[in-house]
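One structure below.
The values are calculated or read from the model by the stated rules, or taken from the named source; none is laboratory data. Just so you know, these numbers come straight off a predicted model, no measurement behind them. With ideal geometry, Cβ positions are generated from the backbone for all residues, glycine too; neighbour counts draw on all protein chains shown. Side chains are part of the model used for accessible areas, which takes the heavy atoms of the whole protein and leaves out ligands, DNA and RNA. Shrake-Rupley method; radii C 1.70, N 1.55, O 1.52, S 1.80 Å.
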Amino acid sequence: RIKSESRRGNHYILFHAAYKSSYRWYVGCVLFYFQHKNYYREDSNQFLVFVEVLKGNSAAGDDNTIPVVTLNAPGRPTKYAVISLNDIQRQVGLVQTSVNSFEHKVVSPYMIFNNNVKETAGQLNYI
């Protein structure tokens, strides 16, 4: 039986993380999901996700409503994060731009990006 895409790793997600009383968006590659049990409180289980955070988050030069990310170059330092399952906003796809092989536009089925994403783009040093 084939498992659903949302239960396996190696797909891209758009997630939010808090920074200075506001939320910033990031795109990451899911490596795996896991559950954290608090042994002091039996009723407080957390479902967490281990992600590789992509290097750069910004907007397309011609349209501030199109999110753009930069992939991590091979051999360069990589940033990882553990996030809550509730921080995931949606699963996304990446479309390579013709300008740079590491730069990709972010797409999501049934989602139209109408807001200025450049203002809320997160930076790696915020995590």
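Name the residues in region 86-100 that are open to solvent by less than 70 Å² (accessible area, probe 1.4 Å) and in a loop (DSSP other than H, G, I, E, B), would you?
T97, N100, listed by residue number.
Please enumerate the residues belonging to region 50-85 that are modelled with pLDDT under 90, of a type in the set (A, V, I, L, M) and open to solvent by 70 Å² or more (accessible area, probe 1.4 Å).
L85
Counting only residues that are free of Cβ contacts under 8 Å to residues at least 12 places away in the same chain and assigned to a strand (DSSP E or B), which one in region 17-73 is nearest to Q123 (Cα to Cα)?
Looking only at region 17-73, we keep the residues that are free of Cβ contacts under 8 Å to residues at least 12 places away in the same chain, and these are 18, 20-21, 37-45, 61-63.
Remaining after also requiring assigned to a strand (DSSP E or B): 18, 37, 45.
Working: A18: 12, K37: 30, N45: 29 Å.
Only one residue tops the list, namely A18.
Got a number for residues in region 101-127 being in a loop (DSSP other than H, G, I, E, B) and open to solvent by less than 50 Å² (accessible area, probe 1.4 Å)?
Applying the first criterion (in a loop (DSSP other than H, G, I, E, B)) to region 101-127 yields 101-102, 108-120, 122-123, 127.
From what's left, open to solvent by less than 50 Å² (accessible area, probe 1.4 Å): 108, 113, 117, 122.
Looking only at that region, the number is 4.
Would you mind telling me which numbered condition in (1) touching a Gly at 6+ places or on another chain (Cβ under 8 Å); (2) open to solvent by less than 70 Å² (accessible area, probe 1.4 Å); (3) not aliphatic (A, V, I, L, M) F32 fails?
The failed condition is (2).
Out of all the residues in region 106-125, is one or more within 18 Å of L31 (Cβ to Cβ) and either in contact (Cβ under 8 Å) with a residue 12 or more places away in the chain or not hydrophobic (A, V, I, L, M, F, W, C) (or both)? Working first, answer last.
Applying the first criterion (within 18 Å of L31 (Cβ to Cβ)) to region 106-125 yields 124.
Adding the requirement that they be either in contact (Cβ under 8 Å) with a residue 12 or more places away in the chain or not hydrophobic (A, V, I, L, M, F, W, C) (or both) leaves 124.
The answer is yes; a qualifying residue exists.
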